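The values are calculated or read from the model by the stated rules, or taken from the named source; none is laboratory data. Note that the structure is predicted; figures quoted are calculated from it, not measured. We place every Cβ from the backbone using ideal geometry, glycine too, and count neighbours over all the protein chains shown. Ligands, DNA and RNA are stripped out before the accessible areas are found, and what is left, the full protein with its side chains, is counted by its heavy atoms. Shrake-Rupley method; radii C 1.70, N 1.55, O 1.52, S 1.80 Å.
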Amino acid sequence: MHRIFAHHEEIAGDRVIITGQRAHHMSRVLRMSCGDVFVVVAPGGQQWTAQLEEIDSEVLTGRLLHERPRSTEPSLHVTLAMAILKGDKMDWVIQKATELGVHRLVPVMCQRSVTRIPPNKVSARTKRWQRIALQAAGQSQRCAVPIVSSPRPLGSVLEEVSPVSIMAYEGESQKGLPQVLTDPSPSQVTLLIGPEGGFAPEEVEEARCRGVGTVGLGPRILRAETAALALLSMVMFRWGDLGHAAAASLECPDMPDEHPE
Ligand code: SAH
């Protein structure tokens, strides 16, 4: 079933009204017509089965028939604070982290970051990352799109990390994930991954002062993107829903590619 991500204001009572490119796509590309059934996903992840009442290339109206279970969202909210990486590696991390169930992505500027986004390109880059998250959310049948914030300096990220926060640090020889993941599951966790050159010692110190736990991820040095997905996978396995039996209620084999403009 086609899945459409709607803005809050597009849903009122038992109606959804969608305009612009998404209406055009449903009418002209998917050739949907009155009576067809589709899925509406609200920004918070609530979703309904809806039926098309009216459609043309500019606007569509649907009636919400019944609410659907939010079966694909993990109850664990993971924020991945990821140092901005070179080339298209950041795109890749955003896409894969979305598939693995990340809740929020924060691109981070660190002392040793080699990639600096010029101020006039920040907005376009953030939108591009949001688009990648949106497409990956649709493709992996998520019920909510991860939030991608604009890039922030590490210092400001450290000011508001979750009570449970884990920084991957290759210099940590005392503590690994087996010790950390024995704690009972928190509802939120922040994961921090450094840039290609690693975190600077002062950054690691500042993080520790803020209560962030540093962990080693094993004896080998991983590329930052590998470290991000390895850490996210292990946390989602232990505290989230990764590795569990597949959801029995998935009924949306289509690959949705529509989103709020
Ligand atoms: N330049 C550093 C490695 C940086 S790897 C060096 O050569 O020593 C990039 C990021 O991946 C690091 O900042 C860290 O967050 C993560 N990382 C890579 N390997 C890791 C490991 N074995 N343990 C913990 N974190 C690791």
> Counting DSSP beta bridges with both partners in the chain, what percentage is antiparallel, nearest 5?
Replying inline: 45
> trypsin sites (Lys or Arg not before Pro) within segment 47-96: which are DSSP loop residues with at most 13 other Cβ atoms inside 10 Å?
Replying inline: K86
> Which Cα, out of V204, G20, A137, lies furthest along the positive dipole direction of the chain (beta carbon charges, K/R +1, D/E -1)?
Replying inline: V204
> Residue by residue, what Karplus-based ³J(HN,Hα) values in Hz, rounded to whole numbers, does segment 170-178 have, using 6.51, -1.76 and 1.60 with θ = phi - 60° and x for Gly and Pro?
Replying inline: 5, x, 7, 9, 9, 10, x, 5, x
>> To check my understanding: the extent here is largest minus smallest coordinate of the Cα atoms along each principal axis. What are those three numbers for segment 61-125, in Å, largest first?
In response: 50, 30, 16
> From the square roots a ≥ b ≥ c of the eigenvalues of the alpha-carbon gyration tensor of segment 61-204, which class results: rounded (a/c under 1.5), prolate (a/b over b/c), or oblate?
Replying inline: oblate
> Modelled label-to-label distance, E67 and E196, 7 Å Cα→beta-carbon offset: nm?
Replying inline: 4.8
> Using the Cα gyration tensor of the chain, with a ≥ b ≥ c the square roots of its eigenvalues, what is the shape: rounded (a/c below 1.5), prolate (a/b larger than b/c) or oblate (neither)?
Replying inline: prolate
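Skip the ligands, DNA and RNA, and give the accessible area per residue of the chain with a 1.4 Å probe, whole Å².
Counting only protein heavy atoms, the per-residue value for the chain is 49 Å².
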> Given a 1.4 Å probe and every protein chain left where it sits, what share in percent of the accessible area of the chain is carbon and sulfur?
Replying inline: 51
> What dipole magnitude, in Debye to the nearest 20, does the chain give about its Cα centre under +1 on Lys/Arg Cβ and -1 on Asp/Glu Cβ?
Replying inline: 640
> With the dipole of segment 3-67 worked out from charges on the C-beta (+1 for Lys and Arg, -1 for Asp and Glu) around the Cα centre, which of S57, L30, Q46 lies farthest toward the positive end?
Replying inline: L30
> Ordered by residue, what ³J(HN,Hα) values in Hz, to whole numbers, does segment 30-37 give under the Karplus form 6.51 cos²θ - 1.76 cosθ + 1.60, where θ = phi - 60° and Gly and Pro are x?
Replying inline: 8, 6, 7, 9, 3, x, 5, 10
> Of G155, P119, L100, whose Cα points farthest to the positive end of the dipole of segment 77-238 (charges on the beta-carbon: +1 Lys, Arg; -1 Asp, Glu; origin at the Cα centre)?
Replying inline: P119
> Can you give the Rg and Dmax of segment 165-223 based on its C-alpha atoms, in angstrom?
Replying inline: 11.4, 33
>> For q values of 0.12, 0.14, 0.20, 0.28 Å⁻¹, compute log₁₀ I(q)/I(0) with the Debye formula on a Cα-only model of segment 3-67, without solvent.
In response: -0.23, -0.32, -0.66, -1.32
> Could you work out the helix-only [θ] at 222 nm for the chain, with each DSSP H run of four or more residues adding -39,500 (n - 2.57) and the total divided by the number of residues, to the nearest 500 deg cm²/dmol?
Replying inline: -7500 deg cm²/dmol
> Roughly how many nanometres apart are two label points built 7 Å out from the Cα toward the Cβ at E160 and Q179?
Replying inline: 3.1
> If the viscosity is 0.692 mPa s and the temperature 37 °C, what Stokes-Einstein diffusion coefficient in µm²/s follows for segment 1-109 when Rh is the Kirkwood radius over Cα pairs?
Replying inline: 210
